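Colleague: Shown below is the structure under consideration.
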Amino acid sequence: MEENVEKEQKSKIIKKYIFISFLALSIIISTLLIVKYNVEGEKNLPFEIEKISIKSSLDTKTNPSENIWDFSIIQNNDIYIYFKKNEKLDSEVQKIRIDNLQIKRNKEIGSTKLFLPTSNDIKTNFKNSTEDYSKKGIEYTVNAVDNMEKQEIGQTGGILAFRISNQELANYVSNEEAELQYNGTLLQKAGITEQDIKITASMDITIEISKKEKYKGTLTLELPIEDFNEKSILGTEKTDLSDVIFKRSE
């Protein structure tokens, strides 16, 4: 009888260790999955970013004056995010939102504004854009076809466009210059450098399927995309988007 009791106790101990081992393994697997999700995010989004096209340029705003030249310098960054539908999923996107714009400056000069396109013409997208959306964010709804002017993006994908404008960087006043070049030399004449105007812009991108299903990621951009030197317009395409990690958001 003592032998049976001893066997029963051993059996209980073995079962206990098996349970503890199984529990520990479950916790380890769950932790690894959570860590993997936090690092890699969602792998099957209904809309995916294909690429981001950026155009950086210099512009000016004339000040009321009797001088030949009297203006403040503006640095514009036109950003086009190309989305494509994930054909493996049946989910339909309702809207895409960009908000929580945060700006880190190399030098504390200028003020940043966020503009929406007022035209579908790629050459004049932001010509008449004046309303600043930097505080309230922007939103594109999904419709049959793209329409940047109406902030609509196609059901199978399309372009989400906006401008980050760094304004009031410096004033330039002169009565001597016959002609000015809108490149890096303009900054020099105004007493600022290429490094002075650089900013780091971060923003949240939210892809909404429904009120209960949303995916949020953070996009960070170094602007302007490079030094102007003797160039008037800079352009690039960002295709490595591994740093934009989307996660489920409530």
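Colleague: Answer with one residue from N166, V145, T185: the one whose Cα lies farthest towards the positive end of the charge dipole of the stretch 135-200, charges on Cβ with Lys, Arg +1 and Asp, Glu -1.
Modeller: Going by the Cα projections, it comes out as V145.
Colleague: In addition: If amide H atoms are built 1.01 Å from N in the plane of the peptide, which residues on other chains or at least 5 residues away come under 5 Å of the amide H of S249?
Modeller: K214, Y215, K216
Colleague: Sort 224-234, 146-156 by packing, meaning the average of other beta carbons within 10 Å per residue, with the highest value first.
Modeller: 146-156, 224-234
Colleague: Under a crude label model (7 Å from the Cα following the beta-carbon direction), how far is L89 from A178 in nanometres?
Modeller: So the two model labels end up 6.1 nm from each other.
Colleague: Ok, one more. Please turn the phi angles of the stretch 137-144 into ³J(HN,Hα) values with the Karplus equation 6.51 cos²θ - 1.76 cosθ + 1.60 (θ = phi - 60°), one per residue in order, whole Hz, x for glycine and proline.
Modeller: Ordered by residue, 3J(HN,Hα) equals x, 10, 9, 10, 9, 8, 9, 5 Hz.
Colleague: With axes computed from alpha carbons, what is the tilt in degrees of helix 2-40 against the longest principal axis of the chain, rounded to the nearest 10 within 0 to 90?
Modeller: Here the helix axis deviates by roughly 10 degrees.
Colleague: Using the Cα centre of the chain as the reference point, and only Cβ charges (+1 on K/R, -1 on D/E), how large is the resulting charge dipole? Debye, rounded to the nearest 20.
Modeller: In debye, rounded to 20, the chain gives about 1160.
Colleague: With the crude spin-label approximation of a point 7 Å out along Cα→Cβ, what separation in nm comes out for V244 versus K135?
Modeller: In this crude label model, V244 to K135 measures out at 2.7 nm.
Colleague: Could you tell me the center-to-center distance, by alpha carbons, between the stretch 145-176 and the stretch 67-126 in angstrom?
Modeller: So the separation of the two Cα centres works out to 5 Å.
Colleague: How far, in nm, would the chain grow between R105 and T156 when pulled straight, counting 0.36 nm per residue and subtracting the alpha carbon separation? Walk me through the numbers before you get to the answer.
Modeller: Details: separation 51, 0.36 × 51 = 18.36 nm, distance 3.66 nm.
Separation in residues times 0.36 nm, less the Cα-Cα distance, equals 14.7 nm.
Colleague: I would also like to ask the following. Cut-off under 24 Å on the C-alpha distance; same-chain residues fewer than 8 positions from K212 excluded. Which lysines are left, in chain and number order?
Modeller: Counting by Cα, and skipping residues close in sequence, K212 has these lysines nearby: K36, K43, K84, K85, K88, K95, K136, K247.
Colleague: Per residue of the stretch 53-64, in order, report the coupling 6.51 cos²θ - 1.76 cosθ + 1.60 (Karplus, θ = phi - 60°) as ³J(HN,Hα) in whole Hz, putting x for Gly and Pro.
Modeller: Along the stretch 53-64, the couplings run 9, 10, 10, 10, 8, 10, 9, 9, 10, 5, 9, x Hz.
Colleague: Same structure again: Name the residues whose placed amide hydrogens come within less than 5 Å of the amide hydrogen of E50, ignoring near sequence neighbours (fewer than 5 apart) on the same chain.
Modeller: The list, which skips near neighbours in sequence, is Y82, F83, K84.
Bear in mind that the values in this text are calculations on the coordinates, not laboratory data. Remember, it's a predicted structure, so these values are computed and weren't measured experimentally. Virtual Cβ from ideal backbone geometry, glycine too; neighbours counted across all protein chains shown.
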